[in-house]
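Since the structure comes first, as C-alpha cells, the remarks are kept for the end.
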Amino acid sequence: MEPAANPANAVDAANAADLRIPTKYVDHLSDDDLERLNQMLPWRCFTLDGRGRRFGAPTSETKRNTPQLVPDRRTPMLDARCPLAGLSVLEIGCFEGVHTIGLAARAGRVIAIDSRIENVVKTIVRTWSFGHHVTAFQCDVEKASDFAMVPEVDVVHHVGVLYHLVDPVAHLAALLQKTKRMLMLDTHIAADGQATESYVSGGKSYPYWRYREGGRADAFSGMYDHAKWLPLATLQEVLRAAGFADIEVAEMRQERNGLRTLLFAQRAQ
C-alpha cells in the first residue's frame, strides 16, 4: 500500500516563498516519495524544496521547527574573507548537510565529517539532493585514529562543535596543523568568572568551565559526559600558538546556553 501524503510536508506558501530552494533531485518527487524519503532517516531539521515542501523534519514543535536557510549566513562571511573557489574546505560537524550545501556551491572540494554516522548519511543524502558531491565520513575528532583520516585542507568551517569537546585545546592544536589558510570558528565560550577549573593539555594548564553533556544518545550533545568551554582569551592564545595570529572576533552573542563567539583566524604569512 502506498503511504498517504503527509500534510506536514507542506508549509504555508505565503510564509515560505522566500525560503524555497530548488532541489535538483527532490523537486520532481511525488508527495508520497518525498514522505518515504523523510521517514528513512531521523531528520532533525528541514529545508523547503522548490515546491515549498519539507525535505527533512523539525526536531519538535519548538526546536528547529522553521526552514533552514541555504546558504547559512556565515558561509558568505567566510567566502568574503577567504574566497573559497578552488579551495578545499573541511567542515567539522556536518550535522544534516545544510551548511555543506552552501560550502559545496562555492568551494573546489568539501570534506564533511561528524561523530554520528546517521549525520554523515543525512549529509550525503542532502548534498546529493542538490546535485553536489562531497567527501563525507564518520569521525570523532577526539579519537586519534579517526582524526588521522582527515586530510590537510585550505580552510576549516567549524560551527557548533568545539564547545562539545573534552579537550578543545588538543583538538585545535591537531586541527590547525592540517589547516593551510583560515579557520572559521563559531563556538560557546566561558564568560568572565566562569572558568574556575583548569586542566593540562600538551604539558600546559588551561582554564575552563565544565559543561554537562548528554553523550551519544542526545543528538544535540557531545559524545562524552562533559565538555570544556574556554575563555575567549585562552582560545585566542591557543590559535596564536598554532600560527594563527591574525584573529578577527566578528561576533559576540549571548544565547540561551551562554556566551558565544564567531571568529576568523588566518595563518600568519
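The values are calculated or read from the model by the stated rules, or taken from the named source; none is laboratory data. Quantities reported herein were computed from a predicted structural model and do not represent experimental measurements. All Cβ positions, even for glycine, are placed from backbone atoms using ideal geometry, and neighbour counts span all protein chains on display. Side chains are part of the model used for accessible areas, which takes the heavy atoms of the whole protein and leaves out ligands, DNA and RNA. Shrake-Rupley method; radii C 1.70, N 1.55, O 1.52, S 1.80 Å.
In the set (1) loosely packed, with under 15 Cβ neighbours inside 10 Å; (2) modelled with pLDDT under 95, Gly222 fails one condition alone, (1).
A residue that is free of Cβ contacts under 8 Å to residues at least 24 places away in the same chain and acidic (Asp, Glu) cannot be found anywhere in the range 92-100.
Within the range 106-148, restricting attention to residues that are of a type in the set (Lys, Arg) and open to solvent by less than 50 Å² (accessible area, probe 1.4 Å), which residue is nearest to His226 (Cα to Cα)? Of everything passing the filter in the range 106-148, Arg116 is nearest to His226 (Cα to Cα).
Phe55 satisfies every condition listed in (1) touching a residue at least 60 places away in the same chain (Cβ under 8 Å); (2) open to solvent by less than 30 Å² (accessible area, probe 1.4 Å); (3) under 17 Å from the mean Cα position of the chain (by Cα) except (3). Only residues that are open to solvent by 60 Å² or more (accessible area, probe 1.4 Å) and over 17 Å from the mean Cα position of the chain (by Cα) were counted across the range 66-86, and they come to 6. For the range 216-266, residues that are in a loop (DSSP other than H, G, I, E, B) and under 28 Å from Val120 (Cβ atoms) total 15. Looking across the range 134-158, the residues that are in a strand (DSSP E or B) and either touching a Gly at 6+ places or on another chain (Cβ under 6 Å) or not hydroxyl-bearing (Ser, Thr, Tyr) (or both) come down to Ala136, Phe137, Gln138, Val153, Asp154, Val155, Val156, His157, His158.
Does the range 11-22 contain at least one residue that is open to solvent by 30 Å² or more (accessible area, probe 1.4 Å), assigned to a loop (DSSP other than H, G, I, E, B), modelled with pLDDT of 90 or more and not charged (D, E, K, R)? Scanning the range 11-22, I find at least one residue that is open to solvent by 30 Å² or more (accessible area, probe 1.4 Å), assigned to a loop (DSSP other than H, G, I, E, B), modelled with pLDDT of 90 or more and not charged (D, E, K, R), so the answer is yes. Against the conditions (1) open to solvent by less than 50 Å² (accessible area, probe 1.4 Å); (2) assigned to a loop (DSSP other than H, G, I, E, B), Gly193 satisfies every one except (1).
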